[in-house]
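Student: Quick one: the structure is below, and I'll ask about it shortly.
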Amino acid sequence: MKYVIIGNSVAATACIEGIRSVDKEGEITVVSAENRPAYGRPLISYIMLGRIAEQNADYRPKEFYEKNKVNVMLGQRAVKIDAGKKAVLLESGSEVFYDKLLISTGSRPFVPPMEGLDKVKDKFSFMTFDDMKSLSLALSEEKRVLVLGAGLIGLKCVEGIADKVKSVTVVDLAPRILSSVLDEGSSSIVQKFLEEKGVNFVLGDSVLSFYGANARLKSGKELPFDILVLAVGVRPEVSLLKEAGGEINRGAVVNERMCTSLPDIYAAGDCAEGYDKSAHANRVLAILPNAAFQGRCAGINMAGGDDVFDGGTPLNSLGFFELHIMTAGVYEGECSEDISGRNYKKLFVKEGKLVGFIIIGDIRNVGIYTALVREGTPLSQIDWRIMSKCPLLSAYSAKERDEKLNKGV
Amino acid sequence: MKRIYVKENRCLGCRLCEWECMYANSGLDAMFKLKGKQGEILPRIRVEDNPEDIHFAVNCRHCKQAICVKSCIAGALSKTDEGMVVIDKNKCVGCFTCVLVCPYGAIMPAADGKAAQKCMLCTDNDRGEPNCVKYCPNGAIVFEEGDL
């Protein structure tokens, strides 16, 4: 059996592990446009911060590929899938044939049209290791950085560069930062915190054009800058599958076994859709744990096993400097809140279940809440008075506690 | 693999296990020397109490399908061949996704806030066997062959 994987990050790695849990011998080839072993993409801001050394950024130990008998083609871009011939065409002109193919190409930056953008010399995305390296080289203490996008990618970049440059200004069309992850109250806490660290925000505004070293905003405001970081948004990278005739919605359409609409082609990770248990719909849930679950599921099925991805839940664990933020699920239903200073906690209960939360500050044991969201545990089965104050296992019944703490799990 | 299990009917909530855990991982030569060091070193086991005189200790369950391992953005968490969940501090970036996903509250930020920490059954210190189990005066924490 010949397995080919396009892309080489978390979903790809999990796919390798999934395949090898079923098939120890089949031939696995990874085609990677990037020139280094797999790494978790979110790591790039931490490398920039100096939180971990570059050589420790690999997602798996050095011997991983050898141990799993994987042929890794680094620095090779796949340019076409011929689903009839069951071959992947590479930029170099050579072809790689497959029996089972995984597309785990992640996402690519989305850049809206802005006049004069092509003339901006120092502009960067912040998605890949190479992006991070080239941005790092451009930074210096006298540079003013303009970041477009106050989402996760933009703000993690800000954290990584804040103490290395003269100033950082973030522009976002949304009226608040992290608008896809946080509600108003929590967003304003994080914004104030980042402002105290010297970050400037221009919200509810967008860049119309660039001229010289200036950005002209819709509001008429002008922002001078030296370095531009583009973090407006991302789109699933599905061009190969689309061109091959595979069904695409926003991301690659897959079933619960991670099969695309084309025979023997699977998709997993940020390029694929999947069931979102919180939204009760199929959609792209571009979070890292999902890529790991979907990739593994795809791998098992590619190798002839039987596995289903029964759905994911939105989850975010974010740190900015020493401030920690955790969110899960959806912010619907009845909200109970406990807010004091920089500590922020909102729990959302709907139809007798915890469906989501936003927590800033005290993050101890938060996973106990996440489990309630993930499993849809009826709150009538636990002592919610205890649990709503603090995530504790003692809120479970004696029988449940015994299951959790005295059995193999 | 041998795992830690807790007997809540034997636990008085004395929290000696928390101290023994800190001591085992402190490198100190006497437990009393932890005095004044709270905050510099944190236990990897935590005791829960509730008003109905219920107490029990919680530390890593070393889950077979460990969600923390799958969710780790850095590949810092992994499973050994025996099944123990281990963390590589040099790889951990301190994003605490593991804290967000652990259903037991059994992985936590280390004292410096820059990496996570968790129970590795005292294989990462000089004790060789779980110190919390060894010194629990009531037999409320046991170390036994798993898959009960």
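Rundown of residues vs (1) free of Cβ contacts under 8 Å to residues at least 24 places away in the same chain; (2) in contact with a strand residue (DSSP E or B) (Cβ under 8 Å, 6 or more places away or on another chain); (3) not assigned by TED's automatic domain parsing to the domain that holds B:GLU129, yes/no style:
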site	(1), (2), (3)
B:ILE4	no, yes, no
B:SER26	yes, yes, no
B:ALA74	yes, no, yes
B:ASP81	yes, no, yes
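One line per residue, one yes/no per condition, for (1) farther than 24 Å from A:ILE287 by Cα; (2) free of Cβ contacts under 8 Å to residues at least 24 places away in the same chain:
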position: B:ALA30; (1), (2): yes, yes
position: B:ARG44; (1), (2): yes, no
position: B:ASN59; (1), (2): yes, no
position: B:ILE67; (1), (2): no, no
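Student: Now, a different point. Determine which member of the set A:ALA267, A:ALA286 is assigned by TED's automatic domain parsing to the domain that holds A:GLY40, in contact (Cβ under 8 Å) with a residue 40 or more places away in the chain and more than 22 Å from B:PHE96 (Cα to Cα).
Tutor: Working: A:ALA286 fails: more than 22 Å from B:PHE96 (Cα to Cα).
Within the list A:ALA267, A:ALA286, the selection yields A:ALA267.
Student: Same structure again: Identify all residues within the range A:3-46 that are within 11 Å of another protein chain (Cβ to nearest Cβ), under 23 Å from A:SER136 (Cβ atoms) and surrounded by fewer than 21 Cβ atoms within 10 Å (Cβ to Cβ); write none if there are none.
Tutor: A:PRO37, A:PRO42
Student: Let me spell it out: the conditions are (1) crowded, with 23+ Cβ neighbours inside 10 Å; (2) under 14 Å from the mean Cα position of the chain (by Cα); (3) more than 20 Å from B:LEU28 (Cβ to Cβ); (4) more than 9 Å from chain A (Cβ to nearest Cβ), and B:HIS62 meets all of them except one. Which number is the exception?
Tutor: (4)
Student: Right, another one. For the range A:202-236, give me the residue count where each residue is of a type outside the set (S, T, N, Q), more than 21 Å from A:GLY160 (Cα to Cα) and part of a loop (DSSP other than H, G, I, E, B).
Tutor: Here the count works out to 7.
Student: Take the range A:1-41 and flag every residue that is more than 30 Å from A:PHE126 (Cα to Cα) and assigned to a loop (DSSP other than H, G, I, E, B). Even if it seems obvious, please write down each step before you answer.
Tutor: First, the residues of the range A:1-41 that are more than 30 Å from A:PHE126 (Cα to Cα): A:1-3, A:19-27.
A:MET1, A:SER21, A:VAL22, A:ASP23, A:LYS24, A:GLU25, A:GLY26 - these are the residues of the range A:1-41 that are more than 30 Å from A:PHE126 (Cα to Cα) and assigned to a loop (DSSP other than H, G, I, E, B).
Student: Given the conditions (1) at pLDDT 95 or above; (2) among the hydroxyl-bearing types (Ser, Thr, Tyr); (3) surrounded by fewer than 22 Cβ atoms within 10 Å (Cβ to Cβ), and given that B:TYR5 satisfies all but one, which numbered condition is not satisfied?
Tutor: Every condition holds for B:TYR5 apart from (1).
Student: Mind telling me which of the residues A:LEU178, A:LEU152, A:LEU102, A:LEU135 ends up being outside the structural domain of A:PRO263 (by TED's automatic domain parsing), over 25 Å from A:GLU54 (Cα atoms) and under 21 Å from the mean Cα position of the chain (by Cα)?
Tutor: A:LEU178
Student: Mind listing just one residue for me: the one in the range A:207-229 that is of a type in the set (Ser, Thr, Tyr) and more than 31 Å from the chain's Cα centre (by Cα) and, of those, farthest from A:ASP131 (Cα to Cα)?
Tutor: Filtering the range A:207-229 down to residues of a type in the set (Ser, Thr, Tyr) leaves A:209, A:211, A:219.
Filter again for more than 31 Å from the chain's Cα centre (by Cα), leaving A:211, A:219.
On the way: A:TYR211: 23, A:SER219: 30 Å.
Here the answer is A:SER219.
Student: Sticking with this structure for a sec: Do you know which of the residues in the range A:162-188 that are assigned to a loop (DSSP other than H, G, I, E, B) and of a type in the set (A, V, I, L, M) is nearest to A:LEU315 (Cα to Cα)?
Tutor: A:VAL181
Student: I've got another one for you. Have a look at A:GLY376, A:GLY329, A:GLY356 and point out the one that is touching a Ser or Thr at 6+ places or on another chain (Cβ under 6 Å) and either more than 13 Å from chain B (Cβ to nearest Cβ) or within 22 Å of A:SER278 (Cα to Cα) (or both). Before you say what the answer is, go through the steps one by one.
Tutor: Values: A:GLY376 fails: touching a Ser or Thr at 6+ places or on another chain (Cβ under 6 Å); A:GLY356 fails: touching a Ser or Thr at 6+ places or on another chain (Cβ under 6 Å).
Going through A:GLY376, A:GLY329, A:GLY356 in turn, just one is touching a Ser or Thr at 6+ places or on another chain (Cβ under 6 Å) and either more than 13 Å from chain B (Cβ to nearest Cβ) or within 22 Å of A:SER278 (Cα to Cα) (or both): A:GLY329.
The values are calculated or read from the model by the stated rules, or taken from the named source; none is laboratory data. Remember, predicted model here, so these are calculated numbers, not experimental data. Positions of Cβ are generated from backbone atoms using ideal geometry, with glycine treated the same way; all protein chains shown enter the neighbour counts.
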